[in-house]
Amino acid sequence: MKNTIYSKRRKKVLSQMQNGVALVPSASMQMRSNDTEFPFRQESNFYYLSGFNEPDALLLLSKNKKSSKTVLFLRKRDLQAEMWVGKRLGVEDACAALGVDEAYDIETLDEKLGELLPGHLNLYLDTFSSNSYLLRAKRTAEKLSHTRNVERSPHNFIHLNTLLEKMRLHKEPYEIEQIKKALSITKQAHHAAMAAAKPGMKEYEIQALIEYIFKKHGSQHDAYGTIVAGGNNANTLHYIENSNLLNAGELMLIDAGCEWNCYASDITRTSPVSGKFSKHQQALYEGILDAQLKIIKAIKPGGSKQKLQAKSERLLTEVMRDLGILKGSMDELIEKKSFKKYYPHGIGHWMGLDVHDTCPYKDENGKDILFEEGMVLTVEPAIYLPLNDPDIPEAFRGIGIRTEDDILLTAKGHENLSHDIAKSVDEVEKICAMDYREFI
Ligand code: GLY
Ligand code: MN
Ligand code: MN
């Protein structure tokens, strides 16, 4: 079943290529210190086209006038190496397991490329990558170009990512299922974290609980570094230190999401450490939440991220003006982009195999990419009010709030894939009063 998904994708890539060869390398192990490695995470494009989760592999798609084929280079079986670090699929089983036409030992790559590249003008690859297999392929192409008796060696390098990121922008039902599964675990983790947080705990204790729940439910990885930010730490946008105390009366911003089969979830919630929002915290929180609900409501085919961005800037400016954080007329505040000081980032981003899926927001003609069914994006309005900013009314200083959900474009509108993660003040306070063990 899964195999069909990947074969179909490979066929689709081939159908969009002119004659030529496409090369997609896997990730490789990365050293963490001396001879120990970081946990392995597959390269997203390679996984998208193969479903294969080993390092040191390369997928080759080749197309000429008469036919096309898919070839996988991978590590050969090695009982000694497998005894140390785990089983390998091996060359013999690769065609049956992965539906590729041919499979070869990755160690024979240079020699095989010498056979597979001649006769093709176009080489599709990540032209910016310094991946060692791609560099070797380029070197082989260069050698071929010096061999006068080899006709038509590859010299047109075409950026394959442009094609792949457009394909990946439209999610298939299988992909939506993976994101939903990731979100079902992420939901438990956020609820447990809201319930567990108490004054005097360290941020990393909450991080540990979140990541324990991810792992307990079988998620292979976090989709990004977990952020647990108490009080003013929420105003550091990528705060991943998570080393401070959670204090009574402060808010706790958590941005955390797990992966399921390499598909991301990306959720932010902000909750009161002591279990109840103060008056000022609640006013700001509900302003942001109300803006988020309005932005989500506007999501439908034909819309664009740029329109959502403009809407978010207007709505959040209104919130800040109503609370006395920004002063002046709406038009003037928008014109001067005064909101940027406290809402400096985008309203959201595409999400899929990468938490920030790689497709741009404008097409080749500079036109906004319009929303279509099957796209997934986050909506994450926020207001950050640093403790040391004298322009902010004192009662709001040191508060940072972001609310983030993952939204699927449907035929007529949208589906909030994370609708069941507590968000209203009542829902959040109710969860805060519960025993965190109920969510494990
Ligand atoms: N967690 C990363 C982001 O929200 O973009
Ligand atoms: Mn996000
Ligand atoms: Mn996030």
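Checking Ser26 against (1) hydroxyl-bearing (Ser, Thr, Tyr); (2) touching a residue at least 24 places away in the same chain (Cβ under 8 Å); (3) surrounded by fewer than 20 Cβ atoms within 10 Å (Cβ to Cβ), which test does it fail?
Answer for Ser26: the failing condition is (3).
Give just the number: which of (1) of a type in the set (Ser, Thr, Tyr); (2) away from ligand 2 (no atom under 14 Å from the Cβ); (3) closer than 22 Å to Ala298 by Cβ does Ser418 not satisfy?
(2)
Within region 222-252, how many residues turn out to be surrounded by fewer than 17 Cβ atoms within 10 Å (Cβ to Cβ) and within 16 Å of ligand 3 (Cβ to nearest atom)?
So the answer is 5.
Given the structure, is Tyr224 free of Cβ contacts under 8 Å to residues at least 40 places away in the same chain and either within 13 Å of ligand 1 (Cβ to nearest atom) or out of contact with any Leu (no Cβ under 7 Å at 6 or more places or on another chain) (or both)?
So Tyr224 does not fit the description; no.
Look at Ala229 and say whether it is among the aliphatic types (A, V, I, L, M) and in a helix (DSSP H, G or I).
No; evaluated as a whole, the condition is false for this residue.
Filter region 397-406 for residues that are in a strand (DSSP E or B) and within 13 Å of ligand 1 (Cβ to nearest atom); which is nearest to Leu353 (Cα to Cα)?
This residue is Asp406.
Rundown of residues vs (1) more than 16 Å from ligand 1 (Cβ to nearest atom); (2) surrounded by fewer than 19 Cβ atoms within 10 Å (Cβ to Cβ); (3) free of Cβ contacts under 8 Å to residues at least 60 places away in the same chain, yes/no style:
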| site | (1), (2), (3) |
| --- | --- |
| Ser329 | yes, yes, yes |
| Trp350 | no, no, no |
| His356 | no, yes, yes |
| Asp368 | yes, yes, no |
| Phe371 | yes, no, no |
| Val379 | no, no, no |
| Ile383 | no, no, no |
| Ile392 | yes, no, no |
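List the number of the failed condition for Tyr343; all other conditions in (1) under 30 Å from Leu209 (Cα atoms); (2) within 16 Å of ligand 1 (Cβ to nearest atom); (3) over 19 Å from the mean Cα position of the chain (by Cα); (4) outside any loop (DSSP other than H, G, I, E, B) hold.
So Tyr343 meets the others, but not (4).
Does Thr127 satisfy the criteria of being surrounded by fewer than 16 Cβ atoms within 10 Å (Cβ to Cβ), in contact with a Phe, Trp or Tyr (Cβ under 6 Å, 6 or more places away or on another chain) and modelled with pLDDT of 90 or more?
The answer is yes for Thr127.
Just give me the residues in region 1-23 being loosely packed, with under 12 Cβ neighbours inside 10 Å and part of a loop (DSSP other than H, G, I, E, B), in sequence order.
Of everything in region 1-23, those that are loosely packed, with under 12 Cβ neighbours inside 10 Å and part of a loop (DSSP other than H, G, I, E, B) turn out to be Met1, Gln18.
Report yes if Lys66 is loosely packed, with under 15 Cβ neighbours inside 10 Å and assigned to a loop (DSSP other than H, G, I, E, B), otherwise no.
Here the answer is yes, as Lys66 does meet what is asked.
Of the residues Leu253, Leu237, which is within 26 Å of Tyr342 (Cβ to Cβ), part of a loop (DSSP other than H, G, I, E, B), modelled with pLDDT of 95 or more and under 20 Å from the mean Cα position of the chain (by Cα)?
Within the list Leu253, Leu237, the selection yields Leu237.
Just checking, does region 378-396 include any residue being in contact with a Leu (Cβ under 6 Å, 6 or more places away or on another chain), within 16 Å of ligand 2 (Cβ to nearest atom), among the aromatic types (Phe, Trp, Tyr) and part of a strand (DSSP E or B)?
No, every residue in region 378-396 fails to be in contact with a Leu (Cβ under 6 Å, 6 or more places away or on another chain), within 16 Å of ligand 2 (Cβ to nearest atom), among the aromatic types (Phe, Trp, Tyr) and part of a strand (DSSP E or B).
The values are calculated or read from the model by the stated rules, or taken from the named source; none is laboratory data. The shown structure was predicted, so the numbers you read here are calculated from the model rather than taken from an experiment. So basically every Cβ, Gly included, is an ideal-geometry build from the backbone, and we count neighbours across all protein chains shown.
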